[in-house]
Number of protein chains: 2
Amino acid sequence: MTNPTAAMLVIGDEILSGRTRDSNMHHLAQELTGHGIRLIEARVVSDDHNHIKSAVNALRAAYDHVFTSGGIGPTHDDITADAIAAAFGVSVGVRADARAILEAHYQRTGLELNDARLRMARIPDGAVLIENPVSAAPGFTLGNVHVMAGVPAIFQAMLAGVLPRLTGGDPLLSQMIDVDRGEGEIAGALGELAARFPDLSFGSYPYIRNGAHGTQLVVRGTDATQLDAAMVALSRLVGGQD
Amino acid sequence: MTNPTAAMLVIGDEILSGRTRDSNMHHLAQELTGHGIRLIEARVVSDDHNHIKSAVNALRAAYDHVFTSGGIGPTHDDITADAIAAAFGVSVGVRADARAILEAHYQRTGLELNDARLRMARIPDGAVLIENPVSAAPGFTLGNVHVMAGVPAIFQAMLAGVLPRLTGGDPLLSQMIDVDRGEGEIAGALGELAARFPDLSFGSYPYIRNGAHGTQLVVRGTDATQLDAAMVALSRLVGGQD
């Protein structure tokens, strides 16, 4: 398993109060899987300086990459850039290149680049900007931490710019099969199969379809040959021929 | 702020691989807010014994309540009960009361209570069962940790059974107003208002509707009088009369 590892940090009171349903985590999970990077952990924290700082420091030490969403807008509760700078122990301020991007954008749109909007040019020292093709205000990468917006359209556009920069691992492959039995019926045999293929991961997800219980079995791994062998064994198993 | 605090721990490879979109966090957030309990943090971890154990121990020490979802089914990757027992340093095994619930259920449905299904009666010592009106297999509360299923219909039913047992705080109230300006236009004044009402939380969420930029402003708190005063001030502010 040589795939790089990653964590996500979702920042925002609105997720934890139930006002907003986060959708960036699911998008990131799918994109990372396609890029051969394993998402190992995700956390959601509120707009609290110390909480963001300690979560960033815990996650960046434990994983190859950390992806954050939220808290980089113009309002008083957008404190992610300052918290990230504090986590790294570097200073943060309005940076000329980020300011130039905002100036060009607001000149084009005829709106004023006021003090609040200028907050979006606050970038920690040493960070590389992440382009925002939707609304100009950039994200940034500092060390192994990629800081992106919470608005889903902007998060997705920023991630599309970041991912090609990162070294992926072997693609994470998966195959699945639906079985018209409850998972309790096949759990024993599935466990034995999982023990025979220790490099693969076997998941079992119950569902009810047209009133009948069934189970979706999913096998994941990076070795296509092993994956094929496991699926053959699995098909025999659930077909009762093994 | 005398409201009890809470954290959520979502357990499951399928969330982190992008196969499944978690919906229990959003449901829990809304239910806790209605019950006067503040959800302060959420984490998602994979089906890994040590990772579950360390996350449970970190969260149960930091918050009044921890709610977990996932990993209590019949298959080899359902390891939550064992990880919770390890976190508390108590033993775990098939318990008579849980077994009786499963026996009655499978007798009713005509299915076999095999070894795999019997795993769902593994309950840590000292835990109190949480009823499962959907599919019988119970969750449990151990100390301040409430362990529930990952299937949304079952998670919701279990939570409905647990919440009335817990002491809530003052209801968390919120009021909102939509403004047809970008958040950068009103951010400065909003920040000043937030400083005037330190016990309230002010959120600002940009949207695009029919091609026009707007912002939803949300004020949250437990003091209805303060909340009303803040909304009056906010309405003047965005109406330009202040």
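Values quoted throughout were computed directly from the atomic coordinates according to the rules given, and no laboratory measurement underlies them. What you see is a predicted model; the values in this text were computed from it and never measured. Positions of Cβ are backbone-derived with ideal geometry, glycine not excepted, and every protein chain shown enters the neighbour counts.
The angle between the Cα long axis of helix B:49-62 and the longest principal axis of the Cα atoms of chain B comes to about 50 degrees, rounded to the nearest 10.
In this simple spin-label model, placing a label point 7 Å from the Cα along the Cα-to-Cβ direction at both A:Leu129 and A:Ser23 gives a separation of 2.8 nm. Computing FRET efficiency as 1/(1 + (r/R0)^6) for A:Ser235 and B:Gln30, where r is the C-beta to C-beta distance and R0 is 41 Å, gives about 0.50. Principal-axis analysis of the Cα atoms of chain A puts helix A:224-239 at an angle of about 50° to the longest axis.
Applying a DSSP loop filter and a limit of 15 other Cβ atoms within 10 Å to the trypsin sites (Lys or Arg not before Pro) in segment A:110-183 leaves A:Arg181. Inter-copy label distances at A:Tyr207, shortest first and taken from points set 7 Å along Cα to Cβ: 3.1 nm. Label-point distances for B:Val232 to the equivalent site in the other copies, using a point 7 angstrom along Cα→C-beta, read 7.8 nm when ranked shortest first.
Once you reduce segment A:83-101 and segment B:20-58 to the center of their Cα atoms, the two points are 31 Å from each other. Can you list the residues of segment B:169-184 with backbone N under 16 Å from a point 7 Å past the Cα of A:Ala153, pointing along Cα to Cβ? B:181-184, by backbone N distance to the label point.
If the chain linking A:Asp115 and A:Glu192 were pulled fully straight, counting 0.36 nm for each residue of separation and taking away their Cα-Cα distance, it would gain 21.5 nm. In chain A, the DSSP-assigned H stretches of four residues or longer account for a calculated mean residue ellipticity at 222 nm of -12000 deg cm²/dmol, using -39500 (n - 2.57) per stretch and the full residue count as denominator.
Shortest first, A:His49 label-point distances to identical copies amount to 4.3 nm, with the label point at 7 Å from Cα along Cα→Cβ. Just need the relative contact order of segment B:5-165 here, percent rounded to a whole number, with Cα pairs under 8 Å and 6+ apart. Averaging sequence separation for qualifying contacts and normalising by length gives 23 percent for segment B:5-165. Computed from Cα positions, the angle between helix B:183-196 and the longest principal axis of chain B comes to roughly 80 degrees. Chain B residue nearest by beta-carbon to the axis mapping B to A, with distance in Å: B:Arg43, 2.
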